[in-house]
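Okay, structure first, notes after.
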Amino acid sequence: MDFDFSSEEKMVRDQVDRYLMNNCENGVFRSVLEGEGAYSEDVWRGLVEMGVPGTAISAEYGGVGAGYSTLCLVAEQLGAYLAPTPFSSSIYLAAEAIQLFGSEDQKQTWLPKLAAGEVIGTLAVTESTQESTEDNIQVSCSDGKLSGRKLIVPHAGIADLCVVVARDINAGVNLYLVDLGDAIGASPGSVSVTPIDTVDNTMNSCSVQFANTPCELLGAPGEGWHQLKVVYDRAAVLIAFEQIGGARKALDMAVDYAKGRFAFGRPIGSFQALKHMMADMYVALKLAESNCYYAAWALSTDSAELPLAAATARVSATQAYQLCARDNIQVHGGMGFTWEFDCHLYYRRSNYLTLMLGGLSTWEDKLIHALPSGKAA
Amino acid sequence: MDFNDTEQEATFRQQVKSWIGDNAPTYLREELELSGFGSTRTGSYDPLAEAKKWQKKKADAGWACIQWPKEYGGRGATPIESVIWNQEEGVYNKLSGTFIIGQGMCAPTMMSYASEAQLKRYMPTLASGQEVWCQLFSEPQAGSDLAGLRTKAEKEGDDWVINGQKIWTSGAQHSDYGILITRTDPEVPKHRGLTMFFLDMKSDGVDVRPIKQANGDSGFNEVYFENVRIPDAQRLGEVGEGWRVSLTTLMNERMAIGGGIATGFPEIQALVEELHVATGTAIDNPAVKSKLADWYAKSAGLRNTASRAISALSKGEIPGPENSIGKLVAGGMMQDIAKFSLDLQGLGGAIVDPEIARGSARIQAMLMRSPAVRIEGGTDQILRNILSERVLGLPDDMRADKGIGFNKIPSGS
């Protein structure tokens, strides 16, 4: 038994940490937030040059093959620096779906390009302001053509490739691959992508309208919803690592401010009302971190415990980031509510990540569903 | 990262399993499973005698305090082996409650400060449960502010003479020895005037009186000292260094109770899987599900945090104040779980008669014991101070007693 990451894994983490520290300070997030570009092309290019997107893609498909534990630590850093790149959509979701369910041909076509950052992918699920279920998917496919609207798709404005959850008239819910560039080139007007404002505009969220858009099946017919859940369980671990990365920075920011800000003749961090709040932030973070470690192990070993471990990590990482981002504002007082201070960056990202892959209640439900009966114990 | 056993660990586990299979007191199993929350249930058998019997059996076969060196009654095992032992000992571990303070807290302090001859004399009998130890720290005027303690130790020849009173001493009524922190110099600021000793609890002038607790049990005691003599050879650490010595004990206390601490999760899971509420089986109710998921995530978080601490320990790192989170999380959680579990049962939840109440009234016992968990061994508030000051590095609160001689500190009396 060894409950820690290996030194090789930590080395990759430190390398990504150093790169982001020097190239992805919060100003980068801010400039995307304020509308200067849909994402940070510089940071994305830098990560691509280091081979980071290919971390867990196997070498035969152009990746590094360093495994999912390493990718978890990469995700933690991306979350910590609020990196405004399409990493999560392209790697945790699109590339993952293709790796798991793609035909050999689809893997050969797409994975090397995704690993090399030549192609940006995403996953389109949500169609309304209801939580998505197998029954409320309405985007449909007939004769290899998609029709209907996905209401909100992260990074769709910059994506070249989209994995779409849609209903086949005969087979039920399937996953489909849409080559967006190709589709638009071949039949103009078959896809229209409209940016929409969200709580975190650095996620480049868009509505995507399909109108007889050419697509190809990904994975087995009728298995789409199940496949989506498998992808989500794996992505949940990675998003949870992004969440604890961000939570850590929000907590650090609160602690630093509380040490330097004086009121009533003393640093505000010496008041128990505030230090106890920060102790609680630390506790939530520590529990989430430990659950994430366990989930990283379950993910990297394809353990049968993955659904439970992923939901557990996801629930506690969501709680931790929500708490740290919220109370970081509280520690800052009025200054925390200004645009100028960075508190709202974490607040924005934490709330967006909470909803990505389905919200907290969805994951609580999954956790209980995956929990073995107490009677068996 | 690997949460599975290595080959060597698997062999060790097999060895443990087979020894426990052959030797455990299986006749106590059913009752022990119902224990917890302040009491060890052994049915018609005497709990202390059964605890000592199991401990002695383990010691004779080399399975007591397995991480300790062999010459002190242990096995020289690694931290991971110790985890494996605890996992396999399982429910029988509940019999060890009597020895936790002595083995988990007094022993590490002794091992840091006592002489070799003393260790050879006292450690093996502590490991085998033949002698029970207690920790004499808290006082009526010194709980959270432990360094404000008043029990006096005055030097007379080669002895120290002790006068004063301790309180909240677990297991003092069964104890043969104890470690005792005293004030040897009231003139200097409070942390600098303390000195630690160990003593024979059967010494003249020691008077142990059980406390009747709010939940009706009596696990804790008051201990009075009237001209009790302790030889100077039983001093642990230098005169005036008692505070530093006590930190060794307290750090180990957090390790000892952090990992395997009860949270109440298995109890509420068992309840909601079978209990019917207005909407059907309780576990299918969305409000129940949401709370249960939150509590599972917390209890898994504690378990995984303990695993990480053990990994760090096995790589030679020293357990730090971050281990304070175990009791902080578990205490509040246990209380919340108890209240919610009873709420689901309506007025019937108020019944504490184990013959009538659901689940032999374990949840009611949890309700009544949980306030103490949030106080003993460091209140929730003190633990938050520790986390924020020692882990996060936040500044100390302003202290009215800083730098003042102990006898000049305002006491309100």
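I need the calculated FRET efficiency for the pair A:ALA171 and B:LEU247, taking r as the beta carbon distance and R₀ as 60 Å, to the nearest 0.05. The calculated FRET efficiency here is 0.35. The local environment of B:GLY90, defined by Cβ-Cβ distances under 13 Å, has a net charge of +1 under the rule Lys, Arg +1 and Asp, Glu -1. The alpha-carbon of A:LYS249 sits under 16 angstrom from the alpha-carbons of these lysines, leaving out residues fewer than 8 places away in its chain: A:LYS259, A:LYS286. The angle separating the long axis of helix B:47-60 from the principal Cα axis of greatest extent in chain B is about 80 degrees.
What full-extension length gain, to one decimal in nm, is calculated for A:THR133 and A:PHE264 as 0.36 nm per residue of separation minus the Cα-Cα distance? All intermediate terms of the calculation are to be shown ahead of the outcome.
Working: separation 131, 0.36 × 131 = 47.16 nm, distance 5.33 nm.
Between A:THR133 and A:PHE264, full extension yields 41.8 nm more.
Entry note, the stretch B:315-397: relative contact order of 37 percent, from Cα contacts under 8 Å with a spacing of 6+ residues. The loop-placed chymotrypsin sites (Phe, Trp or Tyr not before Pro) in the stretch A:303-356, going by DSSP, that have at most 11 neighbouring Cβ atoms within 10 Å of their Cβ come out as A:TRP339.
Using just its DSSP H runs of length 4 or more, each adding -39500 (n - 2.57), chain B gives a mean residue ellipticity at 222 nm of -12500 deg cm²/dmol after division by all residues.
Quick one: length gained pulling A:HIS226 to A:SER58 fully straight, 0.36 nm per residue minus the C-alpha distance?
Numbers: separation 168, 0.36 × 168 = 60.48 nm, distance 2.35 nm.
Working it through step by step, the gained length comes to 58.1 nm.
Counting other Cβ atoms within 10 Å of each Cβ, which trypsin sites (Lys or Arg not before Pro) in the stretch B:192-234 have at most 13 and sit in a DSSP loop? Don't skip to the answer; put the middle values down first.
Numbers: sites: B:ARG192, B:LYS202, B:LYS212, B:ARG229; in loops: B:LYS202, B:LYS212.
Hits after loop and neighbour filter: B:LYS202, B:LYS212.
The slack between A:GLN15 and A:PHE341, meaning 0.36 nm per residue of separation minus the straight C-alpha distance, is 114.6 nm. Using Cβ point charges alone (K and R +1, D and E -1), the dipole size of the stretch A:119-181 about the Cα centre works out to roughly 140 debye. Placing a label point 7 Å from the Cα of A:SER303 along the Cα-to-Cβ direction, the residues of the stretch A:54-95 with a backbone N closer than 18 Å are A:67-73. Inter-part distance, the stretch A:111-177 to the stretch A:341-377, computed on C-alpha centroids, equals 22 Å. Remark: spin-label model distance A:ASN23-B:LYS202 equals 7.4 nm, labels positioned 7 Å along the Cα→Cβ axis.
Please compute the net charge surrounding B:ALA372, taking Lys and Arg as +1 and Asp and Glu as -1 over other residues with Cβ under 14 Å from its Cβ. Spelling it out: positives minus negatives among the neighbours equals +1. Once the Cβ-Cβ distance of B:ASN4 and B:GLU33 is raised to the sixth power relative to R0 = 41 Å, the FRET efficiency obtained is 0.90.
Residues in the stretch A:137-156 near a label at A:VAL199, defined as backbone nitrogen under 18 Å from the 7 Å Cα→Cβ point? The answer is A:152-155.
For chain B, what is the charge dipole size about the Cα centre, in debye to the nearest 20, if Lys and Arg each add +1 at the Cβ and Asp and Glu each add -1 at the Cβ?
In debye, rounded to 20, chain B gives about 320.
Projected label points at B:ILE409 and B:ILE100, each 7 Å from Cα along the beta carbon direction, are separated by 2.8 nanometres. Protection proxy ranking for A:231-243, B:126-138, A:19-31, using the average of other Cβ atoms within 10 Å per residue and placing the highest first: A:231-243, B:126-138, A:19-31. Helix-only arithmetic for chain A: the sum of -39500 (n - 2.57) across DSSP H runs with n ≥ 4, divided by the residue total, places the mean residue ellipticity at 222 nm at -16500 deg cm²/dmol. Taking the alpha-carbon centroid of each part, what is the distance from the stretch B:136-178 to the stretch B:7-60 in angstrom? Cα centres, the stretch B:136-178 to the stretch B:7-60: 33 Å. Tell me which lysines have Cα within less than 26 Å of B:LYS56's Cα, excluding those fewer than 8 residues away on the same chain? Counting by Cα, and skipping residues close in sequence, B:LYS56 has these lysines nearby: B:LYS17, B:LYS70, B:LYS94, B:LYS120, B:LYS202. Taking all Cα pairs closer than 8 Å and separated by 6 or more residues, the relative contact order of the stretch A:225-370 comes to 31 percent.
Efficiency by 1/(1 + (r/R0)^6): what FRET value for A:ARG45 and A:ALA211, r their Cβ-Cβ distance, R0 = 35 Å, to the nearest 0.05? Write down the numbers at each step before the final one.
Numbers: r = 33 Å, r/R0 = 0.94.
Computed FRET efficiency for A:ARG45 and A:ALA211 comes out at 0.60.
Straight-distance candidates among the lysines for linking to A:LYS366, with alpha-carbon spacing under 17 Å and chain neighbours fewer than 8 residues away dropped: A:LYS229, B:LYS289, B:LYS291, B:LYS298. Considering only A:THR122, A:ALA171, A:GLY181, the residue lying farthest towards the positive end of the dipole of the stretch A:122-223 is A:GLY181, judged by Cα position with unit charges set on Cβ. Computed over chain A, relative contact order equals 15 percent, with contacts defined as Cα pairs under 8 Å that lie 6+ residues apart. For helix B:286-314, what angle does its Cα long axis make with the longest principal axis of chain B, in degrees from 0 to 90 and rounded to 10? Once rounded, one gets 50 degrees.
Peptide A:265-272 has a mean of 4 when you count, residue by residue, the C-beta atoms of other protein chains within 10 Å of its C-beta. Positive end of the dipole of the protein assembly as shown (Cβ unit charges, origin at the Cα centre): among B:SER44, A:THR202, A:SER303, the Cα lying farthest that way belongs to B:SER44.
Report, to the nearest 10°, how far helix B:79-89 tilts away from the longest principal axis of the Cα atoms in chain B, using its own Cα long axis and a range of 0 to 90°. Rounded to the nearest ten degrees, it is 50.
Note down the net charge around A:VAL191, summing +1 for each Lys or Arg and -1 for each Asp or Glu among other residues with Cβ under 15 Å from its Cβ. Intermediate values should be presented prior to the final figure.
On the way: positive: A:LYS145, A:ARG149, A:LYS150; negative: A:ASP160, A:ASP179, A:ASP182, A:GLU216.
Local charge sum for A:VAL191: -1.
Computed from backbone phi, the HN-Hα couplings of the stretch A:120-127 come to 10, x, 8, 10, 10, 10, 5, 10 Hz, rounded to whole numbers (Karplus: 6.51 cos²θ - 1.76 cosθ + 1.60, θ = phi - 60°; Gly and Pro given as x).
Applying a 10 Å radius around every beta-carbon, put A:135-142, A:261-268 in order of their mean neighbour count, most first.
Values: A:135-142: 16.4, A:261-268: 12.6.
Answer by packing, highest mean first, reads A:135-142, A:261-268.
Rule-based calculations on the coordinates, nothing more; no lab input. Computed from a predicted structure; not experimentally measured. Using ideal geometry, Cβ is built from the backbone for each residue, glycine included, and neighbour counts are taken over all protein chains shown.
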